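The values are calculated or read from the model by the stated rules, or taken from the named source; none is laboratory data. This structure is a prediction, so every number in the text was calculated from the model and none was measured. Cβ coordinates were reconstructed from backbone atoms using ideal geometry, including for glycine residues, and neighbour counts include every protein chain displayed. In case anyone asks, the SASA skips ligands and DNA or RNA and just uses the protein heavy atoms, side chains included. Shrake-Rupley method; radii C 1.70, N 1.55, O 1.52, S 1.80 Å.
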Amino acid sequence: MRFVLDAYNTEHAVYGLVLVTALIAVGWKFDTDLEVLLFIVGTVGVFWLTHVYAVVVAGRRSAEGRAVPIGRAVARAALRSVGMLLAMLLPALALGLATLGWVDEYVAYYVALWIGIASLAVIGWVNSSRNRGAWYLRLLSAATTMVLGLAVIWLSSLVH
């Protein structure tokens, strides 16, 4: 459980949350819940693989300047960036419930969108908490993280 929580509080998870939320914001108007779900899983998977590839190609040297074995470099890059994959799980679960017919399609879209936005706020709160911020600074950090995330999600949805 600690691994999941730590992975959720990385730049990779923030990127994944913004990506997933923007894809939902764009896709829900045009596609079915299943199509949006498959699009999210496929897109995040490709972005994650691209990130792992880039880290391995560009950074296969140890601190001492020696080459890191390829298997170890791939495992390290995949493990370090797993937050990007984890970021899509809760929104994908909401869309999956709609795909199964257990939740109304539009309810699932809104729940998935708000999961992404709320997750960003939680990450802001947790980071401020780790820095021993007072409760009002934690609240400000959560609000700022959420608002900036909304802005980036909005910009990203304009591009798509």
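Here are Ala77, Ala112, Ala121, Ala94: which of them is in contact (Cβ under 8 Å) with a residue 24 or more places away in the chain, within 18 Å of Gly27 (Cα to Cα), hydrophobic (A, V, I, L, M, F, W, C) and buried (at least 18 other Cβ atoms within 10 Å of the Cβ)? I'd like the intermediate steps shown before the answer.
Working: Ala77 fails: within 18 Å of Gly27 (Cα to Cα); Ala121 fails: within 18 Å of Gly27 (Cα to Cα); Ala94 fails: in contact (Cβ under 8 Å) with a residue 24 or more places away in the chain.
Checking each option against the conditions leaves just Ala112.
Could you count how many residues in region 28-44 are free of Cβ contacts under 8 Å to residues at least 60 places away in the same chain, part of a helix (DSSP H, G or I) and farther than 24 Å from Val122 by Cβ?
Total satisfying the criteria: 4.
Taking region 97-109 only, how many residues are in contact (Cβ under 8 Å) with a residue 12 or more places away in the chain and either of a type in the set (D, E, K, R) or touching an Asp or Glu at 6+ places or on another chain (Cβ under 7 Å) (or both)?
4
When you scan region 96-132, how many residues do you find that are of a type outside the set (D, E, K, R) and under 23 Å from Leu148 (Cα atoms)?
Count: 22.
State which residue pairs qualify: first residue under 17 Å from Tyr15 (Cβ atoms) and inside region 50-73, second residue at pLDDT below 85 and open to solvent by less than 90 Å² (accessible area, probe 1.4 Å) in any location, beta carbons under 6 Å apart, and separation of 6 or more residues or different chains.
none
Is it the case that region 46-54 has a residue that's assigned to a helix (DSSP H, G or I), touching a helix residue (DSSP H, G or I) at 6+ places or on another chain (Cβ under 8 Å), β-branched (Val, Ile, Thr) and open to solvent by 30 Å² or more (accessible area, probe 1.4 Å)?
no
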